[in-house]
1. Among Ala136, Ala126, which is the only one that is of a type outside the set (S, T, N, Q), in a helix (DSSP H, G or I) and modelled with pLDDT of 95 or more?
2. For segment 42-61, what are the residues that are surrounded by fewer than 16 Cβ atoms within 10 Å (Cβ to Cβ) and either acidic (Asp, Glu) or closer than 27 Å to Gly222 by Cα (or both)?
3. Looking at segment 98-113, which of its residues are under 12 Å from the mean Cα position of the chain (by Cα) and modelled with pLDDT under 90?
4. Looking only at residues in segment 139-160 that are in contact with a strand residue (DSSP E or B) (Cβ under 7 Å, 6 or more places away or on another chain) and assigned to a helix (DSSP H, G or I), which one is surrounded by the most Cβ atoms within 10 Å (Cβ to Cβ)?
5. Kindly indicate whether any position in segment 161-176 is surrounded by fewer than 16 Cβ atoms within 10 Å (Cβ to Cβ) and within 20 Å of the chain's Cα centre (by Cα).
6. Which residue out of Lys95, Lys81 is under 30 Å from Ile28 (Cβ atoms), part of a strand (DSSP E or B), within 19 Å of the chain's Cα centre (by Cα) and not β-branched (Val, Ile, Thr)?
7. Filter segment 82-91 down to the residues that are touching a helix residue (DSSP H, G or I) at 6+ places or on another chain (Cβ under 9 Å) and crowded, with 16+ Cβ neighbours inside 10 Å and list them by number.
8. Report whether or not Phe188 is within 28 Å of Glu91 (Cβ to Cβ), surrounded by fewer than 14 Cβ atoms within 10 Å (Cβ to Cβ) and at pLDDT 70 or above.
Amino acid sequence: MILSAIAAKLKQRARADFKGRHYEAALIVQAVSWYLRYPLSYRDIEELFTERGVEVDHSTLNRWVLAYSPLIEKRLRQFRKPHCGSVRIDETYIKVRGEWRYLYRAVDKHGNPVDFLLTANRDLDAAKRFFRKMLADQPLLAPDRIGTDGASTYPPAIAAVKTDGLLACTPTHYITKHLQQGIESDHFRVKKNMPRIGGFRSFHTARRTIQGFEAMLWLRKGFGFAGAWSVRERNWLLGLQLKVGIDVLHGVDAVRGG
């Protein structure tokens, strides 16, 4: 089964992820998944653990999230469903050290994730970087239709990546407010868990944490596989990415039934 195959592959790569950690892998996985999945602060999670008799400082929780969010994103990225060819691109605002930064994001018309990039500026260079990242990651899946808002940077950015050889042919570029509503609502699913007051403290922190938010959204969407995964299945798969020596005793049917 698909989930069992993913689990086996992730298990092979998880041997050294927790070397030198003072706490159990299961506790770290739980803390990181709570922060990336729900609108909780580090102090909220610290209190939840305290109620269960486990003392974990909020600064330690922060280090865990920064350490393991990129790892989660890297490992889940390969399991995304290929986009359908019609891609919607938009950017949203992220506050970092009191200043607005820009998160470029792309989904296909079915809402499947394509890629994302956090940038300091919203200009032509940033748009080019995003297109290059998106197309270099999936070179055989260049979109044939690209929807954007009316920003003037997108047409020259598309032309630039075409010149670079990242697009086999020039895609149809359309500008429509109606069709962009899907990705605009998708922004909220990523931003709802971000710090409410003051935003992120550094660009480095924002970039690594957003990798985790995006990866968790991929996991919640189920990567386009048939049927939505339950919360228990998502937790199981997330644990397989990071836990050391986890013992998989059952397949998908056992997870769903037991």
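1. Ala126
2. Asp44, Glu47, Glu51, Glu55, Asp57
3. Passing the criteria: Asn112, Pro113.
4. Only one residue tops the list, namely Ile158.
5. There is no residue in segment 161-176 that is surrounded by fewer than 16 Cβ atoms within 10 Å (Cβ to Cβ) and within 20 Å of the chain's Cα centre (by Cα).
6. None of the others qualify; the one that does is Lys95.
7. Result: Val87, Arg88, Ile89, Asp90, Glu91.
8. For Phe188, the condition - within 28 Å of Glu91 (Cβ to Cβ), surrounded by fewer than 14 Cβ atoms within 10 Å (Cβ to Cβ) and at pLDDT 70 or above - is met.
The values are calculated or read from the model by the stated rules, or taken from the named source; none is laboratory data. Quick caveat: nothing in here was measured; it's all calculated off a predicted structure. As a convention, Cβ positions derive from the backbone with ideal geometry for all residues, glycine included, and neighbour counts pool all protein chains shown.
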